[in-house]
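Working notes for the structure below.
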Amino acid sequence: MIELSNLSVIFGRGTPLEKQALSGLDLAIETGSFVTVIGSNGAGKSTMLGVLAGDVIPTSGRVAIGGRDVTRIATAQRAKYVARVFQDPLTGSCGALTIQENLALAAARGSRRGFGLAIGSNRREEFRARVAELKLGLENRMDDRMDLLSGGQRQALSLVMATLAGSEVLLLDEHTAALDPGMAEFVMELTQSLVEKHKLTTLMVTHSMRQALDYGTRTVMLHGGKVILDVVGDNRRNLTIEDLIEMFRKARGGETLDDDALLVS
Amino acid sequence: MSQIAFLGAVELGLVFSFVAIGVYLAFRILDFPDLTVDGSFPLGAAVAAVLIIAGWNPWLATAIAMAAGAAAGLVTATLNVKFRILNLLASILTMIALFSVNLRVMGKPNVALINQDTMLTPFFGHGLSEFYVRPLFIGVLVIIAVFLVWRFLASDLGLAMRATGANPRMARAQGVNTSLHIYLGMALSNALVALGGSLFAQTNGFADVTSGVGTIVVGLAAVIIGETLFHSRLILWALVGCVIGSVLYRIAIQLALSSDILGLKASDLNLVTAVLVACALILPRLRRGRAAA
Amino acid sequence: MKFLTAAAIATLAFAQPALARDVTVDVTAIVEHPALDAVRDGVKDALGEAGFKVGENLTFNYESAQGNPGTAAQIARQFIGNGPDIIVPISTPSAQAVVSATRDIPIVFSAVTDPVGAQLVKQLQKPGGNVTGLSDLSPVADHVALIKEILPSVKTIGVLFNPGETNSVTLVELLKKYGAEQGIAVVESAATRSSEVQNAARALAGRVDAIYVPTDNTIVSALESAVTVAIESKLPLFTADTDSVSRGAVAALGFNYYDVGKQTGAIVVRILNGEKPGDIDINVAAGTDLVINPGAAEKVGLTLPKSVVDRATKVIQ
């Protein structure tokens, strides 16, 4: 269960560049649900994810994960509950470390890190098995540095890393946006199966209306730092991309959507 | 080059390989350009020298010198992490402050250790000449240090430190307290540098406040020579490279001193070092440039 | 015994064979500096006068450590490995590096203020072992007397120095001691690099009757900064370095470092002629020059007494 109550975030407070990114956002997410989040640029999607991850401390309001108030808990301390995959494949994994070192780093998330060898023989086997499931042949390259891999391979591994330490919440920040269509499809299928297998409460921010409806169990639209659409169940099943675009337009007071034309893709 | 001069160069290279490993930890692992070492090297020398003269066990004195170095690293880390002072500037502040601290520690600019028993004294007089005993003894310490640092960097904690330097955002997302690792890494780095300083004082018979001048450049030169030679991404080879690089650097200086090869004199050493380090810094960039084109 | 073994190995394996009457003298200094270079030249000339001539029967090697104690240590090993007849280290760190690395090659140090404190020797008389040399402890008591002679009303002397230089710290302590005997207070002002000298001098303005600069490499290198401030604040500037007088100091009573070098060279010659270093007492270098600059005195409203002018070995016009 994730609860965001009356969240406000103001950046650059008291400066000419002051910007209200979230204004009284309320959102409750049931354990195990897979929520897709859409909205135009500046709607507050990334800020909301940042608040959940701990990168952004809200100006007011409260964030709770599994009943624990984490509003002011730093990113690193929160990481035991929250796993995250970034839009940029270079951000989510460490290029200077090998594949298995990246996995070891993720596997120790939330537990006390000590002087024990990061890659013992048990872990080595476990990691190999997990990477083999991707069917990308990477299990034979476990000692290769991450920066030798393609963006898609890195995102796929980032997803594996996100599921290694038993986090409750998975945050996906347009994690397929930087990939070519084929790889994006592969990563989305992988996301779906990992989320189901590990029963993760998932929030996925996406620019693609199709992804927003094809995946997940609930869709939320943000605008002006607030939730303006929240569909689930039959309502959502019957929704088409065209309906979504129409709602988008209405929400924005009848503005045309030219800058968001790509949303359909 | 005479054998004694060669062994002397090896010995000094081994002493400075602790500096090289410390510099490697700060610059390469943590990505923290740390100039504190110019102060923590003489700090290690000063603390060890003063305690040895006061009659402390040289091993204990050296351990305390390392602790003092670690404390210096913590000061730089605090200025950077807690007070958000730019890393380079934070380290310069600590370095400058250490000049005064070192004078306070010693009570004068130069403390002599020529007649004192040091860590090495028990190993002298067993048939092997001092010229061999010194590099052998320090070599053993270097091997131990390389193993321990390598083992540390392969642990969960060490992995987290490497991630802190390489990709702090990712590290935090993986639950790594990056601030903690900057403290830890800077303490470790400067403790090793102070160990080098303390061994320098014990093998050369004096601690002098001026002995820190240029430590950072020597350390960087060693790291870079090692990287150029081994060109490996494996940590163990990088650490071995620091040691080999440091020894080769000293042998190069000894060559410049011992002959008229290339017409070099001791007075050209600073220029040679600067050119060497500049080349090594520029080369990877050129390589990258070519790769991009 | 083991040292002898090592030396023997080195000699057999590496050192060039020396001809019967040829000698090698290796000289090193911590840094290149007019005074230290003058010592080196003095040593060389003293050897020449005694019949050891470069190019004939003398090999004379010189290396400077460029201010880096690490390099000083390497130079020490270099020299010891070469197995010269005598090593002449100039300045404290160079001497320490050489002394700690050999106990059999004769060493004649020079320009060391406090050889016992630097642990080069156990005592000044009959030091024993392989080490002897010449101390250049400044005649600080004479400096205080000179200042008092030129400026009888002096109550407070400000001293500019770098607390990082061993010799300066020793000299400042002596200045305080001799000052106290004469009822003169001493105000310290420190500069750790040449760019700080001007501020350090300003800090003395208005608080002292005269400024004194010991043989301090940092201050002497930026003496002009101190001179400017001294003229501004009408304070006479006295130094222990005689070369500083032509740069604007009022008067200096100090060593002629070329003479110091010649005296050091004389000790080297004694050892080359068969004396043991351990039997040669360590003395403070003899002979000081009094150099005065009446023009500089005038600028700060001071007239040098006739007794001083008559005594001066050199007058800067």
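The values are calculated or read from the model by the stated rules, or taken from the named source; none is laboratory data. On a predicted model such as this, the values are computed, not experimentally measured, just so you know. Cβ placement follows ideal geometry from the backbone for every residue including glycine, while neighbour counts extend to all protein chains displayed. These area figures cover heavy atoms from the full protein model, side chains too; ligands, DNA and RNA do not enter into them. Shrake-Rupley method; radii C 1.70, N 1.55, O 1.52, S 1.80 Å.
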Quiz item: ³J(HN,Hα) across region A:157-167 via Karplus (A = 6.51, B = -1.76, C = 1.60, θ = phi - 60°), whole Hz, x for Gly/Pro?
Solution: 5, 4, 5, 4, 4, 5, 9, 6, 9, x, 6
Quiz item: How much solvent-accessible surface does residue C:136 expose, in Å² to the nearest 10, with a 1.4 Å probe and all protein chains in place?
Solution: 10 Å²
Quiz item: How much FRET efficiency would the formula 1/(1 + (r/R0)^6) give for residue C:315 and residue C:199, where r is the Cβ-Cβ distance and R0 is 30 Å, rounded to 0.05?
Solution: 0.40
Exercise. For every helix of n ≥ 4 consecutive DSSP H residues, a contribution of -39,500 (n - 2.57) applies; sum these over chain C, divide by its total residues, and give [θ] at 222 nm rounded to the nearest 500 deg cm²/dmol.
Key: -12000 deg cm²/dmol
Exercise. Give me the accessible area per residue for the protein assembly as shown, probe 1.4 Å, as a whole number in Å².
Key: 40 Å²
Quiz item: Once you mark the trypsin sites (Lys or Arg not before Pro) that are in a DSSP loop and have at most 15 other Cβ atoms within 10 Å, what is the longest gap between them in chain C?
Solution: C:235-317
Quiz item: So what is the relative contact order of chain C, in percent, for Cα pairs below 8 Å that sit 6 or more residues apart?
Solution: 19 percent
Practice problem: Give me the distance in nm between label points sitting 7 Å out from Cα along the Cα-to-Cβ direction at residue A:122 and residue A:17, one decimal. | Solution: 4.9 nm
Exercise. Output the antiparallel fraction of DSSP beta bridges having both residues in chain A, as a percent to the nearest 5.
Key: 55 percent
Quiz item: In nm, to one decimal, how far is the modelled label at residue A:210 from the one at residue C:126, with both set 7 Å along Cα→Cβ?
Solution: 10.3 nm
Self-check item: Relative contact order (%) - criterion: Cα under 8 Å, at least six apart; region: region B:3-292
Solution: 35 percent
Quiz prompt | region B:3-292 - Debye-derived log10 I(q)/I(0), Cα point model, q = 0.08, 0.17 Å⁻¹ | solution = -0.33, -1.45
Quiz prompt | Interface residues, region B:108-135 - accessible area loss of 40 Å² or more versus chain alone, probe 1.4 Å | solution = B:109, B:110, B:112, B:114, B:115, B:130, B:131
Practice problem: Calculate for chain A the 222 nm mean residue ellipticity that helices alone would give, adding -39,500 (n - 2.57) per DSSP H run of length 4 or more and normalising by residue count, nearest 500 deg cm²/dmol. | Solution: -9500 deg cm²/dmol
Quiz item: Nearest-5 percent of antiparallel DSSP beta bridges in the protein assembly as shown?
Solution: 35 percent
Quiz item: So what's the convex hull volume per residue for the Cα atoms of the protein assembly as shown, in Å³?
Solution: 212 Å³
Quiz item: Between C and B, buried accessible area summed over both sides at probe 1.4 Å, in Å² to the nearest 100?
Solution: 3700 Å²
Self-check item: Rel. contact order, % - alpha carbon contacts under 8 angstrom, at least six apart, region C:221-298
Solution: 34 percent
Quiz prompt | Residues whose placed amide H lies under 5 Å from that of residue A:84, excluding near-sequence neighbours | solution = A:171
Self-check item: Area hidden from solvent between A and B (accessible, protein heavy atoms only, 1.4 Å, total, Å²)
Solution: 2300 Å²
Exercise. List every residue whose amide H lies under 5 Å from the amide H of residue A:10, counting only residues 5 or more places away in sequence or on a different chain, with H placed 1.01 Å from N in the peptide plane.
Key: A:21, A:59
Quiz item: Along the three principal axes, how long is region B:1-104 when you take its alpha carbons, biggest first, rounded to the nearest angstrom?
Solution: 49, 35, 20
Quiz prompt | Delta accessible area of at least 50 Å² on complex formation, residues of region B:181-204, 1.4 Å probe, chain isolated as reference | solution = B:204
Quiz prompt | Fraction of antiparallel bridges per DSSP, region A:118-265 only, in percent to nearest 5 | solution = 55 percent
Exercise. Work out which residues of region C:56-77 lose at minimum 30 square angstrom of accessible surface when the other protein chains are put back, relative to the chain isolated, with a 1.4 angstrom probe, and list them by number.
Key: C:63, C:66, C:68, C:69, C:70, C:71, C:73, C:74, C:77
Practice problem: Quick one: pull the percent of accessible area on region B:27-130 belonging to carbon and sulfur, 1.4 Å probe, ligands and nucleic acids left out. | Solution: 66 percent
Exercise. Put one equal scatterer on each alpha carbon of region C:245-305, apply the Debye formula with no solvent term, and list log10 I(q)/I(0) at q = 0.19, 0.22, 0.30 1/Å to two decimals.
Key: -0.74, -0.86, -1.16
Quiz item: What is the Rg over Rh value, at two decimals, for region A:2-217, using alpha-carbon atoms and the Kirkwood definition of Rh?
Solution: 0.98
Quiz item: Can you list the residues of region A:2-33 with backbone N under 11 Å from a point 7 Å past the Cα of residue A:77, pointing along Cα to Cβ?
Solution: none
Self-check item: Apportionment of accessible area to carbon and sulfur, region A:2-217, percent (1.4 Å)
Solution: 49 percent
